[in-house]
1. What dipole magnitude, in Debye to the nearest 20, does the range 111-150 give about its Cα centre under +1 on Lys/Arg Cβ and -1 on Asp/Glu Cβ?
2. Enumerate the amide H contacts of A69 below 5 Å, restricted to partners 5 or more residues apart or on another chain; note that Pro and chain-start residues carry no placed amide H.
3. Return the FRET efficiency for the residue pair Q149, I68: r is the Cβ-Cβ distance, R0 is 22 Å, and the value is rounded to the nearest 0.05.
4. Among the aspartates and glutamates, which have Cα under 17 Å from the Cα of K119 when same-chain residues fewer than 8 positions away are ignored?
5. So what are the ³J(HN,Hα) numbers for the range 99-108, from phi and the Karplus equation (6.51, -1.76, 1.60; θ = phi - 60°), rounded to whole Hz, Gly and Pro as x?
6. Got a sec to turn the phi values of the range 161-175 into Karplus ³J(HN,Hα) couplings, 6.51 cos²θ - 1.76 cosθ + 1.60 with θ = phi - 60°, whole Hz, x for Gly and Pro?
Amino acid sequence: TKPEKKEPYRIIGEDLINDWVTSLFDHRLSYIGLSCRDQKRGGRSGSPGSQNPGEIDFFLCGNSNERIAIMEAFRLFSNDTTVIQSHLNKVAGYDQECLSPVFIIAYCDVVNFEGLCDKYYEDTKVRNYSAFEKSGAQDDNIQNIESSQTVNFYKEVRYRNRKPIVIYHMMINLRFEG
């Protein structure tokens with residue numbers, strides 16, 4: 001008889017992953033006087049037509065408890081441009097202060113992580129985000145900072161109200177075979 005093929009573990013609860021990531025960031029940042037806070041209601045919801053406040057996935061706070069960066073996270077099971085676009089469009093609604101930097105974190109669960117990252121990178125070159133403007137400067141375009149089989153980092157600069165906003169994209173491979 002053949003051994004049973006085990007199904008991969010699936011990313012189920014985004015909130016549970018966010019809690020874990022928040023605790024990791026908060027612990028590491030505490031050594032330099034910063035903190036990481038999770039899921040606070042603020043700004044506007046990214047849902048079309050909603051009058052409810054949005055829910056910020058996380059934000060970083062400085063020594064005086066002031067917000068210094070915002071983080072938006074989402075699960076990604078494919079190159080679903082609708083999911084990606086909706087989360088990128090939420091950022092401006094949550095961030096009335098035009099904070100820089102902004103961190104975008106994708107919890108990825110796909111067979112071909114490298115292919116997904118390549119497509120995300122290429123699509124982001126031409127993707128528009130609500131309330132953000134692209135720069136004409138070559139150095140502001142999305143750049144690959146680090147690539148591996150488990151994590152990819154990208155950096156770009158966009159503008160809000162003529163203020164440069166550094167956006168870091170982090171794609172994390174959370175596909176685990178059983």
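Values in this text are rule-based calculations from the coordinates and carry no lab data. Quick caveat: nothing in here was measured; it's all calculated off a predicted structure. Note that we place each Cβ from the backbone using ideal geometry, even for glycine, and neighbour counts take in every protein chain shown.
1. That gives a dipole near 140 debye.
2. Excluding prolines and chain starts, which carry no amide H, the hits are L60.
3. Calculated value: 0.10.
4. Here the aspartates and glutamates satisfying the reach criterion relative to K119 are D80, D109, E146, E156.
5. 5, 9, x, 10, 10, 10, 10, 10, 8, 9
6. Residue by residue, the range 161-175 yields 6, 6, 9, x, 10, 7, 10, 9, 10, 10, 10, 10, 7, 10, 8 Hz.
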